[in-house]
Amino acid sequence: MKPLVLALMTSLGLVACQKKTVEPARPADLEAAFGQEVKLHYEQQVRLPSAAQPLLTVRMTALDYAYCPAGANCFVPNFAWPTLRITDARGQEQDIRLPLHAEAAQRLNLLDTTSVVAAGHRYAVVYSRWELERALNGSEMPVKADFGLWLRLTEVRP
């Protein structure tokens, strides 16, 4: 009887110690026209010019950031560096990280514009600004889901 009780207690202990992780919900996909400014979040994607027949799908696959809480002395200013995966209608993918020249962008208070070629067309990608979506308390640090980054994609005609 003692081995049975010991086995039961051990199995209950193992079940009780399982760690469950709760993944944050992925933001809903967006649809935008070319030339329209859109706010993109980490792990979110936007289809251009329509969800039904997208020529481009842009997804924020990574987000690096620096944040200096109020009252702290920091060497790096507040900033956000997204990595975007751009997929064309043929399924070809390319990754770009913005801004391309982070050092200059931090000093000059500007972000970046670059271009990509997808499905035989050139598109300009403009990263215009970022913002925190919620107020932080004291020394609280933001998480990736707190950032909204504003982008605009336009087709470049020859």
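Side notes on the structure shown:
- Condition check for Asp146: under 21 Å from Arg26 (Cα atoms) and modelled with pLDDT of 90 or more: yes
- Exactly one residue out of Val117, Val125, Val76 is at pLDDT below 90 and of a type in the set (Val, Ile, Thr): that is Val76.
- Residue, nearest to Glu131 (Cα to Cα), within segment 33-47, restricted to residues that are in a strand (DSSP E or B) and among the aliphatic types (A, V, I, L, M): Leu40
- Any hit, segment 148-157, residues being free of Cβ contacts under 8 Å to residues at least 60 places away in the same chain, in contact with a Ser or Thr (Cβ under 9 Å, 6 or more places away or on another chain) and surrounded by fewer than 14 Cβ atoms within 10 Å (Cβ to Cβ): yes
- Qualifying residue in segment 33-43 (condition: modelled with pLDDT of 85 or more, touching a helix residue (DSSP H, G or I) at 6+ places or on another chain (Cβ under 7 Å) and closer than 30 Å to Val76 by Cα): yes
The values are calculated or read from the model by the stated rules, or taken from the named source; none is laboratory data. Please read these numbers as outputs of a predicted model, since none were measured by experiment. All Cβ positions, even for glycine, are placed from backbone atoms using ideal geometry, and neighbour counts span all protein chains on display.
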